[in-house]
Amino acid sequence: MERYPAPLARHITDLIAEKLLVEVGSSEDDLVASGVLDSLTLVQLLVDLEHRFGVTIPLEELEIDDFRSITSIAHLVHRRTQISAAEPVTYATATLEESAGHP
Amino acid sequence: MNIVGISGLEGAVPFKRKHWPDLSEREYRISQGHDAAAALIVDGSPVAAAAEERFDRRKHSASFPANAIRFCLERAGMSIRDVDEIAHSFDYAPYRKLYSLDPLSAKLYREVYSKEALLSGMRREFPEFPAERVHQVNHHLAHAASAYYTSGWDDCLVVVADGMGEAHGVSIYQGLEGRLELLASMSALDSIGILYSLVTLHLGFDFNSDEYKIMGLAPYGDPDRFRPFFDDIVEYLPNGTIRIRILRCDRTREEREKHGVSRRYLEEHLLPSRHPDDEVTDAHRDAAAALQACLDRVMLHICGHFGKFTRSRRLAMAGGVALNCTANGHLLKSGKFDEIYIQPAAGDDGSALGAGLQRAAQAGEIHNRRFFTPYLGPCYSSAEINAALAECGERVEVCHHSNFEGTCTAAARLLAQGHVIGWYRGAMEYGPRALGHRSILADPGRPEMRDRINAIVKMREAFRPFAPAVSLEQVHCWFDVPPNTELPYMTTIVDVRKECAEQLPAITHVNRTARLQTVSCKDDVEFHTLLQAVGRETGREMVLNTSFNVKGQPIVNTPRQALDTFLSTGIEFLFLGDFQVGRATH
């Protein structure tokens with residue numbers, strides 16, 4: 001599996017802390033077993049990932065194992081961004097809030 | 001096409017009871033799928049609709065709406081074989097994988113949310129109906145369809161706000177040329193409806209049920225005392241959405257089942273929780289006022305932003321939050337929209353209508369005509385009323401008026417004399433409000449009337465206001481609105497004119513507002529005729545109009561239920577169609 005850029009895991013950890021108000025201890029922690037992610041929070045995380053990294057993950061294409069840990073989410077985001085970008089991706093952190101005026 | 005829309009999740013509360021057996025009764029209301037209902041759409045037009053609670057007599061019933069479906073079919077002279085589609089107002093199918101995260105979620109999906117769970121109700125009640133003709137509609141889309149396709153507007157902003165649908169608390173659509181386009185949605189983790197319900201529960205009232213009581217309590221309080229708390233937990237984002245920090249404190253399914261962590265936060269940072277039997281104090285009034293003011297700001301923020309974004313001057317709304325008359329009144333007064341339409345069955349009962357309408361729209365059958373006053377429920381004949389009267393035997397004295405004018409004149413005189421009457425006539429209303437067909441009426445001009453009605457029948461909290469029904473011709477004489485302002489559904493507050501407030505003590509709330517119902521001749525000729533008769537007696541074409549039920553029970557449906565309620569309370573006279581009923585004096 002292609003390694004994702006080092007800052008990505010930190011960005012995702014920060015995103016979960018900011019949006020879901022959960023501090024994840026390690027990149028390998030099981031987010032499902034610990035109850036951090038369930039149906040509701042996962043829907044929210046999908047939206048947050050889309051806004052923060054520009055990756056769209058349709059519900060029908062979703063694989064639960066991609067969300068087990070920060071590491072697996074980082075792999076997913078990296079994979080998705082590499083697929084949709086011709087140029088190497090630097091992970092922008094523009095948020096929905098900053099794109100004021102548009103839904 | 002004949003489409004039956006249905007709502008409700010009959011397995012939700014039983015599942016919660018089974019897996020969390022130690023919760024309190026009030027905590028079991030933190031669940032989805034109450035207010036089961038059915039609505040029949042024939043070639044794109046609603047022809048019959050009713051909530052299941054009116055048949056099984058369990059308030060907010062979540063049971064599979066078999067009685068409501070049978071009523072709809074009977075009213076249209078159909079059988080289940082004539083139905084082309086059943087459309088349910090929840091569609092969890094896209095979320096199936098998300099519910100496979102852990103065994104309990106998977107079981108919840110299987111037993112409560114899945115199509116298979118829905119089909120088990122269908123097989124039990126209508127085994128001959130083919131499963132492939134049962135469809136599911138996204139919950140907020142169903143609400144949006146119920147508002148848009150009955151608005152009569154081709155182009156408008158549609159805002160849906162409730163506790164939550166499948167995963168969201170607010171959804172914004174643009175209705176344009178017969179189609180609904182989703183513009184934005186906000187997670188249930190940011191649901192203003194859930195926040196309102198949580199504080200309702202914290203203040204000693206029922207989640208998913210008593211929010212309107214908090215709305216009634218709010219004007220007695222000071223909204224500024226606890227404003228910093230609500231300003232701290234609700235973030236208004238520049239893109240028109242909101243974020244509610246407190247709801248994210250409940251981090252796991254276990255915690256969310258009773259919102260344990262967020263309720264502790266309320267306990268520590270807002271005020272101590274109130275037990276239902278405790279006295280309501282200034283602190284509770286102030287918290288209710290601050291909560292209501294917060295909701296008002298949120299709805300102005302969301303609707304204002306997306307109104308501007310779509311350049312729409314018309315707003316249609318549905319979802320339980322859209323039943324908050326105070327927030328609707330602020331939206332109306334804000335000047336952000338020229339017209340606002342609240343679909344009168346805005347709660348989950350109305351999502352049954354929306355599910356049917358959405359499927360009809362997909363089939364290209366929608367007419368999008370403005371919803372008439374929603375008398376879509378059961379209607380009983382004189383013979384059926386007679387039979388119910390006969391069952392009451394010598395307990396009642398009955399006088400039959402030979403024509404409707406005579407009935408109105410007699411009722412108007414009794415109202416002018418200060419009597420409280422039951423008014424039961426025509427088809428039952430669809431939605432939570434009694435709009436003149438299953439109503440208790442009184443003179444709004446008597447200061448003692450609020451306490452009297454509470455003492456003899458309603459037994460409700462003294463702080464809650466009663467609502468007026470006024471003729472369209474006189475609305476501007478009594479209320480601060482332009483002539484001919486139509487607000488026919490009792491879903492919006494308006495100001496009582498300053499010079500009139502003293503003349504209307506029984507319907508004027510402490511902040512000089514009233515939860516208005518206007519009645520026009522074109523929408524409801526009979527109720528309008530009654531108001532005119534009242535006007536001849538009192539000088540006001542207006543009555544106090546409250547729902548025909550006693551505390552904790554659904555509004556009456558059948559003539560027999562009306563008679564039983566009449567006989568078990570202090571209502572002085574009952575008009576059943578053209579029958580005037582009194583208590584036997586011997």
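The values are calculated or read from the model by the stated rules, or taken from the named source; none is laboratory data. These numbers come from a predicted model, not from an experiment. Positions of Cβ are backbone-derived with ideal geometry, glycine not excepted, and every protein chain shown enters the neighbour counts. Quick note on the areas: whole protein, heavy atoms, side chains included, nothing else; ligands and nucleic acids left out. Shrake-Rupley method; radii C 1.70, N 1.55, O 1.52, S 1.80 Å.
Put simply, the amide H of B:T492, placed in the peptide plane, has neighbours under 5 Å in B:L516, leaving out anything fewer than 5 places away on its chain.
For the peptides B:44-50, B:454-460, B:2-8, residues were scored by their other Cβ atoms within 10 Å and the scores averaged per peptide; the highest-first order is B:2-8, B:44-50, B:454-460. Peptides B:9-20, A:57-68 ranked from most to least packed, by the mean per-residue count of other Cβ atoms within 10 Å: B:9-20, A:57-68. Here's the picture: charge each Lys and Arg Cβ at +1 and each Asp and Glu Cβ at -1 in segment B:382-583, and of B:T558, B:M459, B:H401 the one pushed furthest to the positive end of that dipole is B:M459. If you wrap the Cα atoms of the protein assembly as shown in a convex hull and average its projected area over all directions, you get 30.6 nm².
Kirkwood hydrodynamic radius, computed over distinct alpha-carbon pairs, for chain B: how many Å, to one decimal?
Across chain B, the inverse of the average 1/r is 24.3 Å.
Comparing B:M215, B:L331, B:G307 along the charge dipole axis of segment B:186-342, the residue lying farthest to the positive side is B:G307, per the Cβ-charge model.
I need the calculated FRET efficiency for the pair A:E60 and B:R370, taking r as the beta carbon distance and R₀ as 51 Å, to the nearest 0.05.
Calculated transfer efficiency: 0.85.
Amide H to amide H distances under 5 Å link B:S187 with B:G169, where only residues 5 or more positions off or on other chains count and H is placed in the peptide plane. The Cα atoms of segment B:208-257 define a convex hull whose projected area, averaged across directions, is 5.2 nm². Using the Karplus relation 6.51 cos²θ - 1.76 cosθ + 1.60 with θ = phi - 60°, the per-residue 3J(HN,Hα) values for segment B:88-97 come to 9, 8, 9, 9, 8, 3, x, 9, 4, 4 Hz, with x marking Gly and Pro. Treating each Cα of segment A:6-86 as one equal point scatterer and applying the Debye formula with no solvent, the log10 of I(q)/I(0) at q = 0.10, 0.18, 0.19, 0.25 Å⁻¹ comes out as -0.20, -0.68, -0.76, -1.43.
By DSSP, the beta bridges lying fully in the protein assembly as shown are antiparallel in about 70 percent of cases. Shielding of peptide A:39-50 by partners, expressed as the average count of other chain Cβ atoms within 10 Å per residue Cβ, is 6. Leaving ligands and nucleic acids aside, the A/B contact buries around 2600 square angstrom of accessible area in total at a 1.4 Å probe radius. For segment B:190-314, the solvent-accessible area of protein heavy atoms averages 38 Å² per residue (probe radius 1.4 Å; ligands and nucleic acids excluded).
Across the residues of B:176-185, average count of Cβ atoms on other protein chains within 10 Å?
Whole-number average of other-chain Cβ neighbours for B:176-185 is 1.
A Cβ-based charge dipole, computed about the Cα centre of segment B:382-583 with Lys and Arg at +1 and Asp and Glu at -1, lands at about 540 debye. With the Kirkwood sum run over all distinct C-alpha pairs, segment B:186-342 has a hydrodynamic radius of 16.1 Å.
Among B:379-392, B:286-299, B:349-362, sorting by the average number of other beta carbon atoms lying within 10 angstrom of each residue, highest first, gives B:349-362, B:286-299, B:379-392.
Distances between placed amide hydrogens fall under 5 Å for B:Q580 paired with B:C399, B:H400, B:H401, all partners being 5 or more residues away or on another chain.
In the calculated pair-distance distribution of segment B:19-133, the portion above 19 angstrom amounts to 55 percent of the Cα-Cα pairs.
Charging the Cβ of each Asp and Glu at -1 and of each Lys and Arg at +1, and nothing else, the dipole of chain B about its Cα centre rounds to 560 debye. Counting only other chain Cβ atoms within 10 Å of each residue's Cβ, the peptide B:96-103 averages 6.
Apply the Debye scattering formula to segment B:299-348, with a single equal point scatterer on each alpha-carbon and no solvent, then give log10 I(q)/I(0) at q = 0.24, 0.32 Å⁻¹. So the normalised log intensities work out to -0.87, -1.33. The distance separating the Cα centre of segment B:211-260 from that of segment B:68-125 comes to 32 Å.
When the alpha carbon gyration tensor of segment B:455-525 is reduced to an equivalent ellipsoid, its three semi-axes come out at 21, 15, 10 angstrom, largest first.
Report the percentage of all Cα-Cα pairs in segment B:382-583 whose separation exceeds 26 Å, rounded to a whole percent.
Numbers: 5408 of 20301 pairs.
Above the 26 Å cut-off, segment B:382-583 has 27 percent of its Cα pairs.
The ratio of the alpha-carbon radius of gyration of segment B:127-240 to the globular-protein estimate 2.2 N^0.38 Å is 1.33. When a 1.4 Å probe is rolled over the protein heavy atoms, the share of accessible surface on segment B:363-444 that falls to carbon and sulfur comes to 50 percent.
For segment B:521-538, 3J(HN,Hα) computed residue by residue from phi via the Karplus equation (6.51, -1.76, 1.60; θ = phi - 60°) reads 4, 6, 7, 8, 4, 6, 5, 5, 4, 4, 4, 5, 5, 4, x, 5, 8, 10 Hz, glycine and proline entered as x.
The 3J(HN,Hα) values that the Karplus relation (6.51, -1.76, 1.60; θ = phi - 60°) gives for segment B:190-202 are, in residue order, 10, 7, 5, x, 5, 4, 4, 5, 4, 5, 4, 5, 5 Hz. Gly and Pro appear as x.
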